[in-house]
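What follows is a set of notes on a single structure, which appears directly below.
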Amino acid sequence: MNTEQHSPWVRVHPLAVRLTHWINVVAMLIMVTSGWRIYNASPIFPFRIPGDITLGGWLGGALQWHFAAMWLLAVNGLVYLAYGIVSGHFRRKFWPISPAAVIADVLAALRGKLSHEDLSIYNAAQRAAYATLILAIVVLVLSGLAIWKPVQLQGLAALMGGYEGARIVHFVAMALAVFIVIVHVAMVALVPRTLHSMITGNVRRVRT
Ligand code: HEM
């Protein structure tokens, strides 16, 4: 007898995805809030980030947080990307993405008509959001490297218009990632079952 078929639970998120997801949340939180403090020391736009939501206390402290969490973000991100590619996770969960399906699902979500029956499959809006978020974090890491070592990584910095260009790319990628994460967390709050599934890995089987 296959006990899996009789279990009321279906595994939707493998352990590797859950572990790297939650480590990534901690790393991103530290990177973004310490990054805001670093930005405040020399803003590139005519505004500063309110000090109360930044980390590090002063420029030196913020840089230490940023450089410490950078390793966590990069190593954890590489593990997630390697797992996603080698195991076929990305192909299975994020592919295919078609612009028409993304537009249709975003419109359905705005009208509150998007189905959340089967949590083992990401809808087109989720696929597009997660893929864009992953890409934004890759761009964040690459532009961060260009800002950190603009002389040694001249080629990389040149691709972004030099040191100053890399700072703008870094800021814009951060803003995009923060925006998607805010929408992401709002969607999780609307469908709390997904949070349980990202912690335990399982969702209750839908009876048909
Ligand atoms: C830095 C912030 C975050 C990033 C970059 C991020 C990124 C992602 C990505 C890429 C996925 C898809 C994972 C995969 O299947 O490979 C995902 C799923 C998920 N995330 Fe996040 N996330 C972030 C913050 C959060 C937070 C704060 C929460 C909870 C409040 C959360 C809850 C979830 C849940 C529940 C899912 C599964 C959604 C579902 O099964 O429908 N995430 N996240």
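The values are calculated or read from the model by the stated rules, or taken from the named source; none is laboratory data. In this text the structure is predicted, and so the values were computed from the model without any measurement. Virtual Cβ from ideal backbone geometry, glycine too; neighbours counted across all protein chains shown.
Miscellaneous remarks
- The residues on offer are Arg91, Arg18, and the sole one that is more than 11 Å from the ligand (Cβ to nearest atom), basic (Lys, Arg) and either modelled with pLDDT of 95 or more or in a helix (DSSP H, G or I) (or both) is Arg91.
- Candidate set from the stretch 105-119 (those that are surrounded by 15 or more Cβ atoms within 10 Å (Cβ to Cβ) and either under 21 Å from the mean Cα position of the chain (by Cα) or basic (Lys, Arg) (or both)); member that is nearest to the ligand (Cβ to nearest atom): Leu119
- Taken together, the residues in the stretch 121-138 that are more than 8 Å from the ligand (Cβ to nearest atom) and among the aromatic types (Phe, Trp, Tyr) amount to 0.
- Members of the stretch 13-33 found to be within 16 Å of Phe90 (Cα to Cα) and crowded, with 17+ Cβ neighbours inside 10 Å, listed by number: His13, Val17, Thr20
- Residue count for the stretch 188-198, restricted to those that are touching a residue at least 24 places away in the same chain (Cβ under 8 Å) and within 8 Å of the ligand (Cβ to nearest atom): 4
- Residue within the stretch 34-57 that is at pLDDT 95 or above, crowded, with 18+ Cβ neighbours inside 10 Å and farther than 21 Å from Val172 by Cα present: yes
- Within the stretch 157-179, the residues that satisfy the criterion of being buried (at least 16 other Cβ atoms within 10 Å of the Cβ) and either touching a residue at least 12 places away in the same chain (Cβ under 8 Å) or in contact with a strand residue (DSSP E or B) (Cβ under 7 Å, 6 or more places away or on another chain) (or both) are Met160, Ala166, Arg167, Val169, His170, Phe171, Ala173, Met174, Leu176, Ala177.
- The set of residues from the stretch 184-208 being surrounded by 13 or more Cβ atoms within 10 Å (Cβ to Cβ), among the β-branched types (Val, Ile, Thr), within 21 Å of the chain's Cα centre (by Cα) and farther than 18 Å from Asp105 by Cβ comprises just one member, Thr200.
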